[in-house]
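Below is one structure, written out as structure tokens, with a few remarks after it.
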Amino acid sequence: MTPNLVLGPSAAVVVGIAAHYSPWILLPVVTVAGYIEGLIVAWLAGESTHIGFIGRWVARLRTPRAVAIANRWGVWGGLTLGCALVGDEPILVALRWVGVDMRRIWLPLAVSNAVFAVIYYAIVRLGLNQVANL
């Protein structure tokens, strides 16, 4: 779990493949570590709004347009398309700052981490196989 929490899931997958871990062990560990990290980031983002200047800044950013985008794409859209583009941390912070409750984040975050762990594994495995063939 340590490479996942420090460097991200793709680094954890590389370390796991290099250490010859079975994907049946590696992928659940990467998924759970990413999920725990995501919950902590989302909770901290929500708590950060209680700090004076951050709370005032977030209140200015919470425009009708930002709230409409969050409502249109929702948590599922943010944690699938958004994570593919920028990763889950900025999306989680944005969702919490727009006012999305933690209860709406738990399930989409779990599914997103599971899907992206498999995608990272496939990309890293394919990349390592391509390098081995050179």
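The values are calculated or read from the model by the stated rules, or taken from the named source; none is laboratory data. Treat the numbers as computed from the prediction; the structure is a model and nothing was measured. Quick reminder, even Gly has a Cβ in these numbers, built from the backbone with ideal geometry, and neighbours come from all protein chains shown. Please note that ligands, DNA and RNA were not included when accessible areas were found on the heavy atoms of the full protein model with its side chains. Shrake-Rupley method; radii C 1.70, N 1.55, O 1.52, S 1.80 Å.
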### Summary
Filtering the stretch 56-67 for residues that are touching a helix residue (DSSP H, G or I) at 6+ places or on another chain (Cβ under 8 Å) and surrounded by 13 or more Cβ atoms within 10 Å (Cβ to Cβ) leaves a count of 4
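Can you tell me how many residues in the stretch 35-71 are more than 27 Å from VAL118 (Cα to Cα) and not small (Gly, Ala, Ser)? Full working, then the answer.
Of the residues in the stretch 35-71, the ones more than 27 Å from VAL118 (Cα to Cα) are 46-69, 71.
Applying the additional criterion that residues be not small (Gly, Ala, Ser) yields 47, 49-51, 53-54, 56-58, 60-65, 67, 69, 71.
The qualifying residues number 18.
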#### Entry: Qualifying residues in the stretch 84-93 (those that are of a type in the set (A, V, I, L, M, F, W, C) and touching a Leu at 6+ places or on another chain (Cβ under 9 Å)) - the one least open to solvent (accessible area, probe 1.4 Å)
LEU92
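Residue by residue through the stretch 54-111, note down the ones that are basic (Lys, Arg) and at pLDDT below 85. Show your work before the answer.
The first filter runs over the stretch 54-111 and keeps only residues basic (Lys, Arg), leaving 56, 60, 62, 65, 72, 96, 103-104.
Result: ARG60, ARG62, ARG65, ARG72.
Condition check: of a type in the set (Gly, Ala, Ser) and in contact with a Pro (Cβ under 9 Å, 6 or more places away or on another chain). Does ALA18 satisfy that?
no
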#### Entry: Listing of helices (runs of 4 or more DSSP H) fully contained in the stretch 66-133 that carry 2 or more residues being within 12 Å of the chain's Cα centre (by Cα) and aromatic (Phe, Trp, Tyr)
106-133
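Quick grid of which residues meet (1) within 22 Å of PRO28 (Cα to Cα); (2) surrounded by 14 or more Cβ atoms within 10 Å (Cβ to Cβ); (3) polar (S, T, N, Q):
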position: ILE69; (1), (2), (3): no, yes, no
position: GLY74; (1), (2), (3): no, yes, no
position: LEU81; (1), (2), (3): yes, no, no
position: LEU95; (1), (2), (3): no, yes, no
position: LEU107; (1), (2), (3): yes, no, no
position: ALA110; (1), (2), (3): yes, yes, no
